[in-house]
Amino acid sequence: MTPEMVRQFWSLVGEIGRPEWLTQRDDDLVHLLLNACQKQHALSLVDTSILNRYISIRLPLIRDIVLD
């Protein structure tokens with residue numbers, strides 16, 4: 001995952017973070033975030049897989065950011 005992808009992802013989380021995300025199951029939230037990223041940028045299968053793992057590992061942080 002490139003540094004640019006990381007910056008874009010966290011920018012996306014900051015822009016579209018919503019409290020209703022907190023009620024989503026982990027798998028559903030990962031899917032929602034992946035779809036939002038794919039709408040902004042065409043992702044290869046490899047990038048999608050990497051981003052999926054990246055999001056999954058950071059779900060607690062994402063949820064904390066949405067709470068603030």
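The values are calculated or read from the model by the stated rules, or taken from the named source; none is laboratory data. Only a predicted model underlies this, so the values are computations on that prediction, with no experimental measurement involved. Counting neighbours? That spans all protein chains shown, and the Cβs are built from the backbone with ideal geometry, glycine included. Areas reflect the complete protein model, heavy atoms only, side chains present, ligands, DNA and RNA absent. Shrake-Rupley method; radii C 1.70, N 1.55, O 1.52, S 1.80 Å.
In region 44-68, the residues that are among the acidic types (D, E) reach residues that are surrounded by fewer than 11 Cβ atoms within 10 Å (Cβ to Cβ) with C-beta atoms within less than 9 angstrom, at least six apart or across chains, in these pairs: D47/T2.
Can you tell me which residues in region 40-52 are surrounded by 10 or more Cβ atoms within 10 Å (Cβ to Cβ) and assigned to a helix (DSSP H, G or I)?
Within region 40-52, Q40, D47, T48, S49, I50, L51, N52 meet the criteria.
Mind listing whichever residues of region 53-68 are among the basic types (K, R) and either open to solvent by 70 Å² or more (accessible area, probe 1.4 Å) or closer than 16 Å to T2 by Cα (or both)? Correct list: R53, R58. Figure legend. Inter-residue proximity from region 19-40: first residues among the charged types (D, E, K, R), second residues at pLDDT 90 or above and surrounded by 12 or more Cβ atoms within 10 Å (Cβ to Cβ), beta-carbon distance below 8 Å, spacing 6+ or different chains. Indicated pairs: D26/S56; D26/L59.
When only residues in region 4-16 that are among the β-branched types (V, I, T) and farther than 16 Å from I50 by Cβ count, which is surrounded by the fewest Cβ atoms within 10 Å (Cβ to Cβ)? It would help to see each step written out before you state the result.
From region 4-16, those among the β-branched types (V, I, T) are 6, 13, 16; that's our starting set.
Narrowing further to those that are farther than 16 Å from I50 by Cβ: 13, 16.
Values: V13: 19, I16: 12.
Only one residue tops the list, namely I16.
I'm trying to understand the selection: among the residues of region 17-39, which are of a type outside the set (A, V, I, L, M, F, W, C) and surrounded by 12 or more Cβ atoms within 10 Å (Cβ to Cβ)? Across region 17-39, the qualifying residues are G17, Q24, D26, H31, Q38.
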